[in-house]
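**Student:** Would you mind keeping the following structure in view while I ask a few things?
All of the numbers you see were taken from the coordinates with simple rules; none came from a lab. Just so it is clear, the structure is predicted and the values come from calculations on it, not from any experiment. Neighbour counts are summed over all protein chains in view; Cβ atoms, including those assigned to glycine, are modelled from backbone coordinates with ideal geometry.
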Amino acid sequence: MFDSLAQRFTRLFAGLGRSKLTPANIEDGVREVRTALLEADVGLDVVRGFVERVKEKAVGLTRLDGVAPADQFVKVVHDELVALLGGEETRIRWNDRGPTVFMMVGLQGTGKTTTCGKLALHLRRKEGKKPLLVAADVKRPAAIEQLKVIGRQVDVPVYAEEGGRPEKICARGVAKAIETGRDVVILDTAGRLHIDAELMDELEDVKGKTNPHEIWLVVDAQVGQDAVASAREFDRRLAVTGVVLSKTDGDARAGAALSIREVTGKPIRYVGTGEKLEQIEPFVPKRVAGRILGMGDVVGLVEKAQEVVDEASARETAEKMFRDAWTLDDFRLQLRQVREMSSKLGGLGGMLKHMPGMADLPEEVTGRMDDGQLVRWEAAIESMTPKERTDPVVLDGQRRARVARGSGTSVASVNELLKAFKLMRKQVKELKSKGILGRLAGRRMDKQKLKQIEDLKRRGIDLRNWFPES
Amino acid sequence: MGLFDKLKRGLAKTREVLAGGLRRALFLGRALDESLLADLERALLAGDVGPRTTTALIDEVRAAWKAKRLQRSEDVEPFLRERITERLRSGGNALVRAASGPTVILVCGVNGSGKTTSIGKLTKFLKRDGARVVLGAADTFRAAAVEQLTIWSERNGVEIVKQAQGADPAAVAFDAVTAGKARGADYVVIDTAGRLHTQTNLMQELEKIRRVVKKAVPDAPHETLLVIDATNGQNAIRQAEQFHKAVTVTGIFVTKLDGTAKGGALVAVRDTIGVPVKFVGTGEQIDDIEVFDPAAFAAALFD
């Protein structure tokens with residue numbers, strides 16, 4: 001139901017074409033930014049400051065030839081977001097004279113216990129550490145049992161006691177780590193409300209008894225305006241050193257990430273990206289910026305795609321698509337790239353999830369697009385003559401039957417392929433006329449624009465950084 | 001902690017209370033103008049009502065003001081509260097009961113929203129009238145979820161139907177409903193695994209649970225409660241839409257309203273899927289459950 005900021009801007013500036021930004025349309029743009037940020041759950045006060053800064057920068061913009069005002073505006077917003085979300089040293093403060101102690105805190109239900117398990121696995125695998133998990137949540141029924149199960153799953157020992165004071169359990173946990181030669185201790189504390197004075201005192205006691213090197217606040221990506229109040233309080237009481245953003249595999253815009261960053265000044269260290277225990281990733285500001293703006297998490301896709309597709313051929317394809325010179329041969333190449341990419345990204349379904357708007361596609365649609373079909377289509381194209389590939393109109397019933405026989409597929413499959421090809425061509429044309437292809441398949445690649453891109457590059461501006469997906 | 005810190009903390013609390021009172025006092029002496037509307041808008045946005053619904057509400061106030069139905073500044077907040085209460089009240093907030101046999105309540109929601117705890121409280125609530133309750137542990141995914149529900153069943157002294165972690169949740173749900181029927185239970189409450197509404201396969205699993213439950217009792221589930229965390233922001237709307245689409249939600253159980261979060265997204269949820277809020281969870285104790293009170297909820301948005 002939420003339009004992405006890019007969509008809003010496209011609509012807003014549609015009548016503007018390539019003319020200049022005026023104070024009036026900057027005002028309109030600023031209003032859209034405000035709404036988009038609020039819909040993304042960015043804190044009210046943070047929105048206000050942010051919007052003011054964007055406005056200042058937009059007013060000072062000089063017009064760039066051939067660049068639509070909407071694009072310029074989105075760039076300002078995007079850059080500002082990235083600047084706010086990142087830009088600080090985020091290395092873990094390892095303790096070289098004993099175990100490094102991580103204390104994990106947060107509201108109930110944010111995913112602390114799962115995050116502890118993920119972190120333990122990550123540090124064991126990626127950093128070669130020997131972690132010990134400590135069950136300090138004596139409050140929630142079966143929380144200790146949950147951590148024990150997770151410990152077994154990630155092959156990390158768990159220190160637990162039956163009942164008792166959390167600070168004492170934690171202190172004994174650290175002692176146990178020293179005794180058994182573990183070099184990382186992860187304390188799983190009970191979830192609590194920031195206004196629960198007694199429980200916040202308890203956390204201070206745990207901190208006092210264990211001197212953690214890192215105190216990380218686990219924040220649910222779905223959290224709303226209250227994120228500011230709770231983060232501020234946790235930070236005030238404990239001097240938090242970092243944030244872990246959990247449940248980013250949903251469709252929440254995670255605007256809280258921005259609020260917390262702005263309010264506490266503490267870096268976001270990791271993001272939880274799924275229910276599986278290996279699904280934790282270092283935080284990348286650009287990705288969350290794109291997410292807040294509703295642009296989908298395409299950076300990940302682009303990064304992975306770059307391993308498969310070299311930029312030149314991608315650019316060539318995009319160019320051809322625009323010149324209507326796009327043939328079945330090009331389609332075949334694309335199919336192969338998609339197939340290679342999809343095997344890297346866990347199948348077509350997994351790949352589509354990364355694309356803007358695609359996360360909403362029902363499974364009936366994505367489920368039908370299996371890798372086998374791509375193989376059949378490739379085979380069918382390979383059975384065609386060069387003439388048929390460049391001009392598929394000549395493919396009558398007789399020719400289709402021959403192609404089906406030659407490729408070991410069926411006429412139905414060949415028909416499906418041709419239909420898909422036709423549909424894609426049509427869509428490209430429509431996208432082109434709407435001018436939003438720039439966001440899907442790279443910038444418009446007409447000669448004039450290409451020249452401008454090169455000009456900009458010489459001036460140190462790389463258009464590909466403007467949007468996470470371009 | 002030193003005396004100074006304690007004092008400082010106490011003062012902070014006082015400051016908050018003062019600020020709230022001060023704001024109310026300011027309303028009294030103010031003119032009814034756009035700046036007053038802007039302040040109300042801020043209150044709604046800060047309470048997670050969201051930009052869309054907030055704009056709609058403020059537009060209603062503005063229209064009433066221009067039509068001279070609203071003239072005094074001190075009437076504005078009550079007017080707005082009434083508009084919100086009305087939105088939340090329609091459709092009734094009472095629990096649906098089966099005509100005969102056990103009333104089956106399916107409980108679902110995203111991860112960490114507080115499903116299992118809410119079921120513990122709901123069971124106590126249902127037992128108040130001496131009703132017989134059977135719990136079904138159909139969260140077979142999360143580590144120790146079955147153990148957690150078992151502890152709640154012991155605290156409440158009710159039966160629980162369960163299988164090992166990893167079992168088919170639909171089968172557990174079916175067994176629970178069948179057991180409830182056989183033992184003459186008044187309620188069967190089924191716990192399900194937390195799932196993000198974007199996980200198509202898990203949403204299909206939930207649909208399957210619902211279908212299978214119907215095989216045991218054709219008009220079940222009589223209630224499908226969606227648990228929503230009050231600290232959630234605008235994503236609550238998406239959750240409600242998607243769960244409603246998959247399993248036809250009949251009521252909302254809002255949790256964690258005892259913090260400073262206002263849960264204003266529920267107003268937008270009501271606007272979107274039209275399903276009433278039925279229960280409120282306010283703490284970690286077994287008695288921390290209340291029947292939803294729209295007027296009190298609306299008033300709290302402006303506290």
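**Student:** I want to verify the translational diffusion coefficient of chain B in µm²/s; compute it with Stokes-Einstein, Rh as the Kirkwood radius over Cα pairs, at 25 °C and 0.890 mPa s.
**Tutor:** 118 µm²/s
**Student:** Further question on the same structure: Pop a pseudo-label 7 angstrom from the Cα along the beta-carbon direction at both B:Gln165 and B:Ala31 and give the gap in nm to one decimal.
**Tutor:** Going by the 7 Å Cα→Cβ label model, 6.5 nm.
**Student:** Counting other beta carbons within 10 Å of each Cβ, put A:Met103, A:Met424 in order, fewest first.
**Tutor:** Lowest count first: A:Met424, A:Met103.
**Student:** Amide H neighbours of A:Val223 under 5 Å, counting only residues 5+ apart in sequence or on other chains, H built in-plane at 1.01 Å?
**Tutor:** Correct list: B:Gly233.
**Student:** Further question: Ordered by residue, what ³J(HN,Hα) values in Hz, to whole numbers, does the stretch B:169-186 give under the Karplus form 6.51 cos²θ - 1.76 cosθ + 1.60, where θ = phi - 60° and Gly and Pro are x?
**Tutor:** Rounded to whole hertz, the list is x, 5, 5, 4, 4, 4, 4, 4, 5, 4, 4, x, 5, 4, 9, x, 6, 7.
**Student:** Here's something else I'd like to know. Quick one: length gained pulling A:Glu27 to A:Glu162 fully straight, 0.36 nm per residue minus the C-alpha distance?
**Tutor:** Result: 42.6 nm gained on full extension.
**Student:** So what does the Cα-only Debye profile of the stretch A:100-289 read at q = 0.08, 0.09 Å⁻¹, as log10 I(q)/I(0), no solvent term?
**Tutor:** Here the Debye-derived log intensity ratios amount to -0.22, -0.28.
**Student:** Here is a further query. Per 0.36 nm of contour for each residue apart, how much would the distance between B:Arg72 and B:Asp287 grow if the chain were fully extended, relative to their Cα-Cα spacing?
**Tutor:** 73.3 nm
**Student:** So how do A:Lys57, B:Lys245, A:Lys207 line up by other beta-carbon neighbours within 10 Å, fewest first?
**Tutor:** Going from least to most buried by this count: B:Lys245, A:Lys57, A:Lys207.
**Student:** Fewest first, what order do A:Cys116, A:Cys170 take by the number of other Cβ atoms within 10 Å?
**Tutor:** Listing A:Cys116, A:Cys170 from fewest to most nearby Cβ atoms yields A:Cys170, A:Cys116.
**Student:** Between A:Gln398 and A:Glu179, what is the label-to-label distance in nm when each label sits 7 Å out along the Cα-to-Cβ direction?
**Tutor:** So the two model labels end up 8.8 nm from each other.
**Student:** Can you work out the FRET efficiency for the pair A:Arg93 and A:Glu127, with r the C-beta to C-beta distance and R0 = 22 Å, to the nearest 0.05?
**Tutor:** 0.95
**Student:** Now, a different point. Just how far, in whole angstrom, is the stretch B:163-208 from the stretch B:218-271 if you go by their alpha carbon centroids?
**Tutor:** 19 Å
**Student:** Evaluate peptide B:282-288: per residue, the Cβ atoms of other protein chains within 10 Å of its Cβ; return the mean as an integer.
**Tutor:** Neighbouring Cβ atoms belonging to other protein chains average 2 per residue here.
**Student:** List, in the order given, every pair from A:Lys126/A:Lys168; A:Lys55/A:Lys286; A:Lys176/B:Lys262; B:Lys127/B:Lys256 whose Cα-Cα distance in the structure shown is over 32 Å.
**Tutor:** Cα-Cα > 32 Å for A:Lys176/B:Lys262; rest within.
**Student:** Roughly what would the spin-label model give for A:Thr385 and B:Ala56, points 7 Å off Cα along C-beta, in nm?
**Tutor:** Each label point lies 7 Å from its Cα, and together they span 6.2 nm.
**Student:** Under the rule of -39500 (n - 2.57) per DSSP H run of 4 or more residues, summed and divided by the residues of chain B, what mean residue ellipticity at 222 nm is obtained, to the nearest 500 deg cm²/dmol?
**Tutor:** -16500 deg cm²/dmol
**Student:** Run the numbers for B:Val96 and B:Glu82: contour at 0.36 nm per residue of separation, minus the present Cα-Cα distance, in nm.
**Tutor:** Gain in length upon complete extension: 2.5 nm.
**Student:** Could you compute the FRET efficiency for B:Lys214 and A:Arg236, with r as their C-beta to C-beta distance and R0 at 56 Å, rounded to 0.05?
**Tutor:** 0.65
**Student:** Next up: Mind checking Rg over Rh on the stretch B:90-175, alpha carbons, Kirkwood formula for Rh?
**Tutor:** A ratio of 0.96.
**Student:** Follow-up question, since we're still on this one. Taking the 0 to 90 degree range and rounding to the nearest ten, how far is the long axis of helix B:34-46 tilted relative to the main principal axis of chain B, both from C-alpha atoms?
**Tutor:** 20 degrees
**Student:** Suppose R0 equals 51 Å. What FRET efficiency, 1/(1 + (r/R0)^6) with r the Cβ-Cβ distance, do A:Ala420 and A:Gln279 give to the nearest 0.05?
**Tutor:** Taking R0 as 51 Å, the efficiency between A:Ala420 and A:Gln279 is 0.95.
**Student:** Comparing B:Leu206, B:Leu32, B:Leu266, which has the greatest mean-square fluctuation in the GNM of chain B with Cα pairs linked when under 10 Å apart?
**Tutor:** B:Leu32
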